[in-house]
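The values are calculated or read from the model by the stated rules, or taken from the named source; none is laboratory data. All figures in this text were calculated on a predicted structure; none of them were measured in a lab. Methodologically, a virtual Cβ is constructed for each residue, glycine included, from the backbone with ideal geometry; neighbour enumeration extends over all protein chains shown.
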Amino acid sequence: MSEHEIKILAIETSCDETAAAVVVNGRDVRSNVISSQIALHTLYGGVVPEIASRKHIEKINQVITQALDEAETTLDGIDAIGVTYGPGLVGALLVGVAEAKAIAYAKKIPLIGVHHIEGHICANYIENPKLQPPFLCLVVSGGHTHLVRVADYGSYEIIGRTRDDAAGEAFDKVARAIGLGYPGGPKIEQAARGGNLHAVEFPRAKMGDSPYDFSFSGLKSAVLNYLNGCRMKGQEIVQADIAASFQKAVTDVLIGNAVRALKDYKADTFAIAGGVASNAAFREGMRKACMDMGVAFYHPSPVFCTDNAAMIGVAAYHDYRSGRRDGLDLNAVPNLKLGDRQRNRLLV
């Protein structure tokens, strides 16, 4: 290993993916192993926290071993270990944090706690070598919808957020309501391909007092009311049309708020991140909007949009370079806010 090569072993267990990766110098992903629990939780129509935690315990050592093997390295070749410590399911987070602390203690290497949303933002650096802060980023996932100004590596300002449901959460709930099942995002996207975008004009919420904020609970309720109305009147429910109309309503709001922020902040670079960033309709709509404005547009590949450890390794690398470290008293923080540095980090 050259003196300029920094290898990070990263662990991600915030929800229902058990993931480990080895990332070199913040951009070079040597391995990215993900053990998904989707098939297991599909039986219950959503993630069951206790089951997720137990499965993490079963898989964590396996995915770390595989990640090290694929990267052709060992724990002795690792410079630091990064781990998601929030936000997320507390039981799931604790599995990853405990594992990372054990490795850091045994191998006497630095421990770095990473914010999950920061990881999603940093996923954009993996395949886009030209991308550098500052830029605006829209993080859209099952648990989060955040419009973020990335001032520098590790420096973030949230300028917009959801007031209620996250966009991905709305996808899951609507998919369940129209009989598509779990996970909602991919199933809505697939069904929408054969549907009429304008079959039902669902509402697009706007927050007058906070123009960059989002709200999807009213949209979700509108879909449920429409379904109930159809059933009461004996009208046919066309899954594809509802999926397409709902997806269009969500993407219109996401893109509309993003465009407004780009104009107001006079930004010339925009990125998207999170599970919903893998949605082709949203990605293409955002690409076109940025192209029309002359704004550089970036997004991760689908494998780096959903929860993964490579993105955590990238974020941990920049924290490592800035001198941030965590002690062995690092704990899971399920409701952790982005930009929260008021914790047990030491600057060295």
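Counted as qualifying within segment 245-330 are the helices (runs of 4 or more DSSP H) with 3 or more residues that are touching a Gly at 6+ places or on another chain (Cβ under 6 Å), namely 310-321. Take residue 19 and tell me if it is surrounded by 23 or more Cβ atoms within 10 Å (Cβ to Cβ), assigned to a helix (DSSP H, G or I) and in contact (Cβ under 8 Å) with a residue 40 or more places away in the chain. Against the criterion (surrounded by 23 or more Cβ atoms within 10 Å (Cβ to Cβ), assigned to a helix (DSSP H, G or I) and in contact (Cβ under 8 Å) with a residue 40 or more places away in the chain), residue 19 does not qualify.
Residue 142 meets the conditions (1) part of a loop (DSSP other than H, G, I, E, B); (2) surrounded by fewer than 18 Cβ atoms within 10 Å (Cβ to Cβ); (3) of a type outside the set (Val, Ile, Thr) in every case but one. The failed one is (2).
In summary, residue 81 fulfils each of the numbered conditions (1) part of a strand (DSSP E or B); (2) touching a Pro at 6+ places or on another chain (Cβ under 9 Å); (3) within 24 Å of residue 184 (Cα to Cα) with the single exception of condition (3). Of the listed requirements (1) crowded, with 18+ Cβ neighbours inside 10 Å; (2) within 28 Å of residue 126 (Cα to Cα), residue 66 misses just one: (1). Listed by first and then second residue, the pairs linking a residue in segment 183-212 that is farther than 30 Å from residue 43 by Cα to a residue that is not in a helix (DSSP H, G or I), with Cβ atoms under 6 Å apart and 6 or more places separating them unless they lie on different chains, are 205/215; 207/213; 212/147; 212/159; 212/160. Scanning segment 183-216 for residues that are in contact with a Leu (Cβ under 9 Å, 6 or more places away or on another chain) and buried (at least 18 other Cβ atoms within 10 Å of the Cβ) yields 187, 188, 191, 202, 212, 213, 214.
Checked against (1) in contact with a Lys or Arg (Cβ under 7 Å, 6 or more places away or on another chain); (2) within 18 Å of residue 315 (Cα to Cα); (3) part of a loop (DSSP other than H, G, I, E, B), residue 136 meets all criteria but (3). The residues of segment 166-182 that are within 26 Å of residue 207 (Cα to Cα), touching a helix residue (DSSP H, G or I) at 6+ places or on another chain (Cβ under 6 Å) and surrounded by 21 or more Cβ atoms within 10 Å (Cβ to Cβ), listed by number, are 167, 168, 170, 171, 172, 174, 175.
Somewhere in segment 23-41, is a residue in a helix (DSSP H, G or I) and touching a residue at least 40 places away in the same chain (Cβ under 8 Å)? There is at least one residue in segment 23-41 that is in a helix (DSSP H, G or I) and touching a residue at least 40 places away in the same chain (Cβ under 8 Å). Of all residues in segment 241-284, exactly one satisfies the criterion of being more than 18 Å from the chain's Cα centre (by Cα) and at positive phi, namely 266. Flag: residue 220 matches the condition of being under 14 Å from residue 167 (Cβ atoms), outside any loop (DSSP other than H, G, I, E, B) and modelled with pLDDT under 95. Once segment 233-281 is narrowed to residues that are more than 19 Å from residue 293 (Cβ to Cβ) and of a type in the set (Asp, Glu), the residue that is surrounded by the fewest Cβ atoms within 10 Å (Cβ to Cβ) is 236.
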